[in-house]
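Worksheet: one structure, shown below.
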Amino acid sequence: MAASAASSKDRQFLAVIGDEDSVTGLLLAGIGHVSDGPDADKNFLVVDSTTETSKIEEHFQKFTQDRKDIAVLLINQHIAERIRHRVDAFTDPFPAILEIPSKDHPYDPEKDSVLKRVRRLFGE
Amino acid sequence: MEGLFFNVNGGYVEGIVRGYRNSLLSGQNYSNLTQCETIDDVKLQLAPSYGDFLASLPPNPSTSDLAGRMMDKLVSEFKYLTAQATGSSAEFLEYMKYGYMIDNVALLITGTLHGRELKPLLERCHPLGWFETLPALISATNIEELYNIVLIETPLAAYFKDSLSHQDLDELNIEIVRNTLYKNYLEDFHHFITTHPDFRGSPTQDVMAEILQFEADRRSINITLNSFGTDLSKSERANLYPQIGKLYPEGNYMLGKADDVEGVALAVSAVADYKAFFDAVGLSQGGGLGGMGGGPADGKSLEDLFYQKEMELSKLIFTRQFTPAVVYGWMKLKEQEIRNVTWISECIAQNQKERIGNFISVF
Amino acid sequence: MSGAVGREAVFPTRQSLGLMKNKLKGAEIGHSLLKRKSEALTKRFREITRRIDEAKQKMGRVMQIAAFSLAEVSYAVGGDIGYQIQESAKQARFRVRAKQENVSGVLLPSFESYTQDGVNDFGLTGLGKGGQQIQRCRETYARAVETLVELASLQTAFLILDEVIKVVNRRVNAIEHVIIPRTENTIKYINSELDELDREEFYRLKKVSGKKKRDVAAADAAILAARQRAAEEQAANPEAASKAPPAKEEESTDVLGENEDNDVIF
C-alpha cells in the first residue's frame, strides 16, 4: 500500500485516448499537457478510423506504464473495444482507466471492464 | 443602365445561382427533417437536393461525414461558378474565397509553429480557401521562412503586409493574426465593391456594402464580447475592429472602451438593429454573459440573432438583379443550411430533440 | 488426527499446552478483528460499487450533454476547431491531486481535481465568432471531467478495496479453517497425551503400592511367626521372654513408620 500511495503523489495529469470530438472537448476543459522540447510529449491521442490498432496499444502502454505522472486515463469505449485484451489485462490501481462514451457511440455498461467485474462480484 | 451590359458577362452565372437558390431547403423541408428519427431518415429527406453526394455515405453516417458531403456539394457548385465567371464577376468570386484562405493560412501557421507535418494539415484546409501556392507553404520549415518566401506569394500578402511582420506571427496568438487578416480582408472587400468601376453605383455596391458592414460590426461586437476575461488589451482589441460598418467610428470607439456587456450594449445602442438584438437576449439589462445562448426563453443567443440577420440580408440580395452579389448571398445561405442540417442531425444523433428547432430558416 | 488439518509438531508437555492455549486465544481474537475489518471493508466496498454504478450512468448523461455543447460550438463557429485546440494545448489547466482516506487501516487514494491558475491556452479561441459557445462548452466539459475524476477515484478505490478484501478474507478463512482447528487439534492431542501419561503413572503407582502391600503383608506374617516362636520359647524359657518384648516393641513401631512413609509418598 505504501508504495502505491507514494507513487500516486506525483500523478497529476489526465490522459485521453479518444476520437476527435471527445479529445477536443476534454482539451477545452483544460486537461491537455504538452511537454516542452523538440519531441513534445502529448497526453492525448486522437484516434480515427485510419489509426492503427498498434498505435493505440503503444499509447496505451505509454500512458499506463511508462509515464508516471498520469492519474487517470480516459479512453473512448469504442476504442477500448479495439484493445479490449489490453484493457482487461490491466488491473493496477494506477492510473485509473475510465471508459467514456463518445458522441457517436453511446455508453454500454456491458462492455466496461470495471463494471464487468462489479457485475461478476454480485453474481449478476 | 447596368442591366444592358451585365448579362453579357455575368448573366450565366447569375442564372445558375438563381437555380441553385431554388434547391435550398425550405421551411417545409426543415420541419420534415426535424421529424426524423435517425440520420438515415435525414439522409433520405436531403436526397432531393443532395442526392448524388450523399449516395456513397454508409448507413447511419456520422454527422461530420454528412456535413462534409454537403460541403463537397457546395464546393463543387462554387467551383463551377468560378469557372464560368469572367471579368469583374470573377474578381468578386475570388474575393469571396479570401475569407476561407485566411482560415487555411491560420491553420498552416499554427501547424508550422508547432513543427507539425504539413501534409495532414492540407487535408484539413477548407477546399474553398485553396490557392495555388498553398501547398508551397509546406516547404517552409520555420515562421520566418514562411513569412518571407511563401506568404508574400499568396493572395493574402497584402493583408499581411501592413499590419503583421514575421515577428508577430511568432508571438501573437494565432487568433489575433486571424482576426487582423480578416479585418483587412473585410476592409479591402468593401473598398473593392465601392470603388471598382463595374460595381460603383450598382446594386452590387448597395447590397454588398450593407452585408459587409454588417459582417464588420458583428465581428467588432463579438471580439469585444469574447475578449472579456482574456488578456487581450484594449488597444490590441481596438486594432481588430474593421474600420467600416454602421458602428464605425463612434461605435467602434465606444466598443474599444467597453469593459463589460453593458458597455457593449451602450456602444451599439446607436444602431437600432443591434440594440434590438441586445434587448432580445436581455444583455442590455445587465443579463450578463451567462444569459447567452441557452439562457433566454426562446433559446436564441446573440450569435443566433446575428446569423438570422445575415440570412435575411442574404435573402434580400436575391431581390436584386444584375449583380454577382447573389453568389455571395447563395453561399451564405448554403453554409447556414449546412450548419442547420448538422445541428438537426446532431440533435437526432444525440437524442436532444427539445432543442432541435434551434436553427435558422429564412425560406 | 481429525481431517487434513493436522497438528503442530510439539512435545506434549504442559508448557506447550499453555503456549497452544494462548495461541488459540490469539487466533480467535485476530479472527474476530479481521472479520470485523472485512465486514467494514465490504460495507464500504458495496457502497462504492453502488456509487460506481450510479456514477457510470451519470457519466453517460454528462458526457452526452458535453458532446452536445461541442456540437453547439461547431454550429456557432461554423467550422472545425478540433485541430486548433489540439495544437494550442500546452499546459494542463485541469489537474488532479491524490488524497488519501483511511478506511479500516486501508489507505484509499482519491483524486481531487483543481485548476491550475494562470494557465489558459484557449483564451482567444473563437474571438471572431463562437467565443461564448466555446466558453460555455469549456465549462460544461470541465464539469464533465470533474465527474470523470470522481468516478476515477471510486474506481481506484474499488480496485484497491477489491484486492484488500480478498487478502483479508483469505486471512480470515485461513484463521478460521486452518489455524484455529489446527491449534485446537494440537491442544486435544496434548491433552490426550497428558491424560495417557497420567493413566500410565496411576497404574504404575498402583502396581508399586500393590507390591508394597504384598511386601508388608509378608513382613507382618514373618513377625507374627517370630512372635509365636518367641512365645513358644518364652513358655519354655520365661527368663529370655521377659527380656525380649521391649526390643520387639521398637521394631514394630519402626515398621509402622516405614508404612506411613510409604503412604505419604502415595
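Each value in this text was obtained by applying a stated rule to the coordinates, not by laboratory testing. Small disclaimer: the values here were computed from a predicted structure and weren't measured. Methodologically, a virtual Cβ is constructed for each residue, glycine included, from the backbone with ideal geometry; neighbour enumeration extends over all protein chains shown.
Cα gyration tensor of chain B, axes a ≥ b ≥ c as square roots of the eigenvalues: rounded (a/c below 1.5), prolate (a/b > b/c) or oblate?
rounded
Where a ≥ b ≥ c are the square roots of the eigenvalues of the C-alpha gyration tensor, would you call region A:2-121 rounded, which needs a/c under 1.5, or, failing that, prolate if a/b is larger than b/c, or oblate?
Judged from the Cα gyration tensor, region A:2-121 comes out oblate (a/c at least 1.5, b/c at or above a/b).
Work out, step by step, the length gained on full extension between residue C:50 and residue C:170: first 0.36 nm times the residue separation, then minus their alpha carbon distance; give nm to one decimal.
That works out to 40.8 nm of additional length.
Would you calculate, for the protein assembly as shown, the mean residue ellipticity at 222 nm contributed by helices, counting each DSSP H stretch of 4 or more residues as -39,500 (n - 2.57) and dividing by all residues, to the nearest 500?
Per the formula, -21500 deg cm²/dmol.
Express as a percent, rounded to the nearest 5, the fraction of DSSP beta bridges in region A:2-121 (both residues included) that run antiparallel.
Looking only at bridges with both residues in region A:2-121, the antiparallel portion is about 5 percent.
Please report the antiparallel percentage of DSSP beta bridges with both residues in the protein assembly as shown, rounded to the nearest 5.
Here the share of antiparallel DSSP bridges comes out near 45 percent.
Mind checking C:156-163 for the average number of partner chain beta-carbons within 10 Å of each residue's beta-carbon?
Mean number of neighbouring Cβ atoms from other chains: 5.
Taking the Cβ of each residue in C:137, B:347 as the centre, tally the other Cβ atoms inside 10 Å and list the residues starting with the fewest.
Going from least to most buried by this count: B:347, C:137.
Straight distance only, please: which lysines reach the Cα of residue C:188 with their own Cα at less than 23 Å, same-chain residues fewer than 8 apart left out?
Here the lysines satisfying the reach criterion relative to residue C:188 are C:21, C:23, C:25.
May I have the count of lysine pairs in region A:2-121 with C-alpha atoms under 21 Å apart, counting pairs 8 or more residues apart or located on different chains?
8
Using Cα positions and a limit of under 14 Å, work out the aspartates and glutamates in reach of residue C:43, with same-chain residues fewer than 8 apart set aside.
Counting by Cα, and skipping residues close in sequence, residue C:43 has these aspartates and glutamates nearby: C:162.
Could I have the simple spin-label model distance between residue C:14 and residue A:61, label points 7 Å from Cα toward Cβ, reported in nm to one decimal?
6.9
Please find the FRET efficiency linking residue B:167 to residue A:41, where r is the Cβ-Cβ separation and R0 is fixed at 22 Å, and quote it to the nearest 0.05.
With R0 = 22 Å, the Cβ-Cβ based efficiency is 0.20.
Using unit Cβ charges (K, R positive; D, E negative) and no other charged atoms, how large, in debye to the nearest 20, is the dipole of region B:1-158 about its Cα centre?
Result for region B:1-158 is approximately 220 debye, rounded to the nearest 20.
Hey, fewest Cβ within 10 Å first, where do B:114, A:85 land in order?
Ranked by crowding around the Cβ, least crowded first: A:85, B:114.
Under a crude label model (7 Å from the Cα following the beta-carbon direction), how far is residue B:257 from residue C:221 in nanometres?
Rounded to a tenth, the inter-label distance reads 14.7 nm.
Residue B:234: which lysines have alpha carbons under 29 Å from its alpha carbon, excluding same-chain residues fewer than 8 sequence positions away?
B:161, B:183, B:246, B:257, B:275, B:300, B:309, C:90, C:129
What helices does chain B hold that run 18 Å or longer along their axis, going by alpha-carbon atoms, with a Kyte-Doolittle average of -0.5 or more, using DSSP H for the helix calls?
Long hydrophobic helices here: B:2-22, B:63-84, B:87-113, B:174-195, B:203-227, B:302-317, B:325-349.
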